[in-house]
Amino acid sequence: MNKKRIAIFTSIGLILIYFIYSYFSPAKEGDIYITTKVKKGNFISEVITSGEAQSTSLKKINGPSNLRKFRLNNIKIQDLVAEGSIVKKGDYVGRLDPSGVNEQILDAQLNLETAESKFTQQQLDTTLSLKQERNAIKDLRFSMEETSLELKQSIYEPPATIKKLEINLEKAERDLKEKLENYKIKKRQANAKMVEVGTQVSKIRKKLDDLLKLLKSFTIYSDGNGMITYDKEWDGTKKKVGSDISPWNPTIASLPDLTKMESKTYANEVDIRKIKKDLPVKIGFDAFPDIEMDGIVTDVANVGENKRGSDIKVFQVLIKLNGSNTNIRPGMTTSNKILTFERKDVLSVPLEAIFSKDSITYVYKKTGFSVAKKQVKIGDSNNDSVIILEGLTAEDVVYLNKPEGLDDDQIAKLN
């Protein structure tokens, strides 16, 4: 009797081993069947992006604002304090290369010397010229007085002599009148010339003063308190010693308000459709894995832009950080989990468990020791799972890969 029982139990064991082996072993070498249970609970969809922390409120530290006036462009940064330095108002920040300004200062000094020399020469010429005119007028007056005296003394002279003296006197009076008018004209001309030369001197001197003032502004000081953050070039690289500034972008650094921070990130064309303003976000920081902050989407770009070094279109998304943390600094890499939607108390399975044929969505469901193709109705999905609206119940077991030998089996339709 014992032998019979042993034989029966052995047979049952072998059968069980066969079914278990048939169930779990691959149909052919290399195939492994993986199953999972239908889960019930809260279902969330997140878009995960990598971003960069930045301040929403910052004070820019600029180079000189009048570079364009002096046709100065591409001024190199010669010195700059380390990024992250804490500065106070009036503290030294950096220095620009003054070679271009120094060249203009030298030219202006030479031009000023030439103009001042010309002004002095014009003064001397004017003084000499007007002095000669005045002497000529004096000589003419003396001549008139002599002629007039001779005329008075010629009352006993022949009429012809008297007439000649009268003519000479009249001619001298006309010459004097003409000389006086000419003198006035020459004096006005000399004054105008002096004004012209003097204006040129003043113009060059003012330019020189402006250049000297500009030179002083090439040494840059902070106009506020805060932490130095380097400005970025158009391609995203940070300005540093050797970088250029221009009249159109004179900023070399900024003082961010660390109590007002946001994460600037980018989403691809697929994910951007899910992201809307005011969605909640969980923000992590690569530099501080233990820190997680809440945030909210504040802006979603409507127009995409090419990702650097690729033809992929991305859309900018701005996420405001709720609250502040003294450890967070501009430029830190952020990990943003944007909660696009959440469903309470629903069924879900991994995306790999869903198959389709002729617009019918189905799963391979384990039923006892067999496998059945079961139609399901699905709802929203995330990157990993999909909501099951109909066709399955919690704890049902489904396959994540397609079992062999069931292609011709019918799909059990929903009622």
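Compactness of the chain, taken as the C-alpha radius of gyration over 2.2 N^0.38 Å, stands at 2.23.
The listed residues 356, 143, once ranked by accessible area (1.4 Å probe) with the largest placed first, stand as 356, 143. Could you check which residue among 332, 194, 293 shows the biggest mean-square fluctuation in a GNM of the chain with a 10 Å Cα cutoff? Fluctuation is largest for 194. The largest accessible area among 357, 238 belongs to the first residue in 357, 238, and the rest follow in falling order (1.4 Å probe, all chains). Legend: residues 193, 59, sorted from most to least accessible area (1.4 Å probe; ligands, DNA and RNA excluded), read 59, 193. If you model region 38-178 as an ellipsoid using its alpha carbon gyration tensor, with each semi-axis the square root of five times an eigenvalue, the axes come out at 93, 19, 12 Å, biggest first.
Given a 1.4 Å probe and the protein chains as shown, residue 137 ends up with an accessible area of around 10 Å². By the Stokes-Einstein formula, at 1.567 mPa s and 4 °C, region 275-415 with its Kirkwood radius over alpha-carbon pairs has D equal to 69 µm²/s.
Once the GluC sites (Glu not before Pro) in DSSP loops with at most 14 neighbouring Cβ atoms within 10 Å are cut out of the chain, the longest remaining piece is 30-232. With all pairs of separate Cα atoms included, region 263-352 yields a Kirkwood hydrodynamic radius of 14.7 Å. Here is how the number arises for the chain: DSSP H runs of 4 or more residues each give -39500 (n - 2.57), the sum is divided by the residue count, and the result at 222 nm is -12500 deg cm²/dmol.
Only Cα pairs under 8 Å and 6+ residues apart enter the sum, and on that basis the relative contact order of region 263-415 stands at 19 percent. Given springs between every Cα pair under 10 Å in a Gaussian network model of the chain, which of 159, 350, 64 has the largest fluctuation? Top of the fluctuation ranking is 159.
Of the solvent-accessible surface of the chain, computed with a 1.4 Å probe and all protein chains present, 52% belongs to carbon and sulfur. When you work out D = kT/(6 pi eta Rh) for region 237-312 at 25 °C and 0.890 mPa s, using the Kirkwood radius from C-alpha pairs as Rh and the Stokes-Einstein form, the result is 152 µm²/s. For region 165-220, the solvent-accessible area with a 1.4 angstrom probe is 70 square angstrom per residue.
Could you identify which residue out of 136, 394, 160 has the top mean-square fluctuation in a GNM of the chain using Cα springs shorter than 10 Å? Greatest mean-square fluctuation among the candidates belongs to 160.
The values are calculated or read from the model by the stated rules, or taken from the named source; none is laboratory data. These figures come from a predicted structure and were not determined experimentally. When we count neighbours, we look across all protein chains shown, and the Cβ atoms used for this are built from the backbone with ideal geometry, even at glycine. With ligands, DNA and RNA removed, areas are computed over all heavy atoms of the protein, side chains included. Shrake-Rupley method; radii C 1.70, N 1.55, O 1.52, S 1.80 Å.
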